1. Show which aspartates and glutamates lie in cross-link reach of K179 when reach means a straight Cα distance below 17 angstrom and same-chain residues fewer than eight apart are skipped.
2. Between K393 and T339, what is the FRET efficiency for a Förster distance of 22 Å, r being their Cβ-Cβ separation, to the nearest 0.05?
3. Greater than 19 Å separation of Cα atoms is the criterion. Which listed pairs, K92/K138; K202/K249; K128/K191; K128/K425, meet it?
4. Please find the FRET efficiency linking A461 to Q433, where r is the Cβ-Cβ separation and R0 is fixed at 45 Å, and quote it to the nearest 0.05.
5. How high is the relative contact order of the stretch 353-443? Use alpha-carbon pairs under 8 Å, at least six apart in sequence, and give a whole percent.
6. Assuming R0 = 30 Å, what is the FRET efficiency of D355 and S178, from their Cβ-Cβ distance, to the nearest 0.05?
7. What is the set of long-range amide H partners of S402 at a cut-off below 5 Å, with H atoms built 1.01 Å from backbone N?
8. Would you mind computing, in nm to one decimal, how far apart the modelled labels at H109 and R309 are, each placed 7 Å from Cα along Cα→Cβ?
Amino acid sequence: MGSELIQIKVASQAGLPGAPRSSSGAAGGAASFAAWGLVNERITANGACGVGRTPGPTNADPPSETVATAGTLKTFYIETFGCQMNVHDSEKVQGVLMARGMTPVENHHEADLVLYNTCSIREKAAQKVFSRLGVFRKGRSGAPKLIGVLGCVAQQEGERFFQRAPQVSLVCGSASYSKLPELLDQLEAGKQRVTGLSLHTKECFETEMTRRDNPFRAYLTIIEGCDQRCSFCVVPMTRGPERSRPSDKILAETRRLVDQGYAEIQLLGQIVNAWHDPSPARLSFAELLSRLAEVPGIRRVRFTTSHPRYFTSDIVQAIDANPNLCDQIHLPLQSGSTTVLARMLRGYTREEYLDKIHGIRKARRAISLSTDIIVGFCGETGEDFEQTLSLIKEVEYDQVFSFKYSPRPNTLAEGSRDALAEEEKGRRLTELQELQRQIQMRRNQALLGESFEVLVEGYQARLGQAVGRSTTNRVINFPGRPEDVGRYLTVKVTSAGPNSLVGARPGSADLRF
Ligand code: SAM
C-alpha cells in the first residue's frame, strides 16, 4: 500500500526481462521468499538542475575520496527504502544503469557505484540515511567508490548533502531521474559532484528497460508527483508536480509485461486515481482500468494509492464488470474527525468518506478494504481520536497502516504550536492497533472453510510451506511444493490469525498456527 514501507536490496536475476518463465508466470524453478532479493521488513526545492555548469565542487570542498572515474563505472549496487513507488523507481534506475552496460552486484563492497534511494515521509525514515551512507563508505579493498543518493531525502537536502556526507558524489530527486544518464556521464568524465534537483518538470521517468525485482507482480507507474498539498505531507515538495503518463504508453507497457510472463500488474501513483489521460484518447481512470483488464493474458490488476477525493463510483462499476480487477481497494482515511481532516487539507469530511465506503460495500463482489491513518496530528483531541476509532469500528477494514504524526520540513503543519506529546501519540497508536487487530482476527476467522484462488509467491523448503496472495490481497500459507511458485492455485482456509490465513490444497495435510 501507499504506506507499506519496504527495505529492498539489490535483486537476484529472477524477474529480469528475458529470465526463464513458465506459461503460468513463474520465474522458473523454486523461488524462495528471498529469491527476488526482496527483504520485506515492515519498518515499518529548489532551482535549476545543478548539472554541468561548472566543473568541480558546487558549494563545498571536494570529497577527498572521490577521484576521476572515466569509464570505470562497471558495477552498481542499489538499496531502496520506502514505498512501492520508490521500489519501482529503483527498478527503473537499475534498467538505466544496465542499459549503459553496468552490472548489478549483490554487495555494496563490490560496486563501483552505490545508490541509496531514500524516503522522507516520516522523520525516522529520513534519519536512517546518514548512518547507512557511513556503512557504504569503503569498498572491501578500501578503494574509493562513487556513492549517490536518490529519492525524497536527496530532494529535500539538496546540495547540503555534500557537507553532511562528503563521500556522496551524486544527489538526485525523483523528478530528475530522466537526467541520470547525463549525470553519470559527468561523473565518468571526472566531475566530482553532480545534482539533479529541479522540480520544474512535466516529464515522467520513461525507461527503455526496467529491471523488475518481483517475478510475479509488475509495478507500473501511471502518475508521478502530487499536487494535493495535504498539510502533513512532504511528497509535493520531494516528488514535484503531478504528471500523468498517456494511456497508450501504459497499455503498451502492459502488453510487453504479458509478453515477459507477467499476469499481475499493480498501477502506482501517489494519488493513482487523480490520473488523467494526456493522450487524445482522454480515458478516465475507470476506463483505463477496464482497458487494462481487457489486455489478453492479464489476470490481476491492482492500483494504489487512491485518494477519497477522486474516488468515483465508476471505479467500483469497472471492478464489478471486470473480474480481473482485484477485489481490493486501499483508501487512506488519515482521520475519522472532520475537524482534523479540514486541518489536514484532505478535501473530504467523515460523512463524505463513509459515503464512498458504502458505495464500495454495495459492489457485487466483496471488496477488501484497507486504509492509512495518522494518529496525534496537531490539535487532535481525545474526541477527535474517538471518532477515528468509531469509524474503524463502523468500516471494519481488512488492514490498517497506522502512523504517529511526524512533523515534516516545509509542510504547512510544520511548527504547529498544538503538537501532541510523543507519549500520547504512542498511547493512541497502540489503542488503535489493538482495536484493528481484533477486527482483523474476527474478519479472518469468518473466512474459515472458504476457498480462494491464490498466486503462489514463495516457498519455504524448511517448512514445506508455500505462500500465496488472494485477489483481496490476503496472505495464505499452505503445504506446497517448490514448483507451485508462480502458479494460481485454489486453497481452502483452515485456520486464521489477524495478519494471515492458513490453508490447504484439496487432498493435502493441514497446516496449523
Ligand atoms: N499520497 C497518498 C495519500 O495522500 O493518501 C499517501 C502516500 S504516503 C507515501 C503514505 C502514508 O504515509 C499516508 O497515507 C499517511 O498516512 C502517512 N504519512 C504521510 N505523511 C505523514 C506524516 N507527516 N506523519 C505520519 N504519517 C504520514
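1. Leaving aside aspartates and glutamates fewer than 8 places away in the same chain, those within reach of K179 are D89, E91, E159, E188, E203, E206, E208, E224.
2. Using R0 = 22 Å, I get an efficiency of 0.70.
3. Pairs exceeding the cut-off: K92/K138; K128/K191; K128/K425.
4. On the way: r = 33 Å, r/R0 = 0.73.
Given R0 = 45 Å and the Cβ-Cβ separation, E is 0.85.
5. Values: 87 pairs, mean separation 32.5, N = 91.
Normalised by residue count, the contact order of the stretch 353-443 is 36 percent.
6. Efficiency, from the Cβ-Cβ distance: 0.15.
7. Here I373 satisfy the definition.
8. My value for the distance between the label points is 5.0 nm.
Computed from the coordinates by the stated procedures, all read-outs in this text should not be read as laboratory data. Keep in mind that what you see is a predicted model, and the values were worked out from it rather than measured. Glycine gets a Cβ as well: all are built from the backbone with ideal geometry, and neighbour counts include every protein chain shown.
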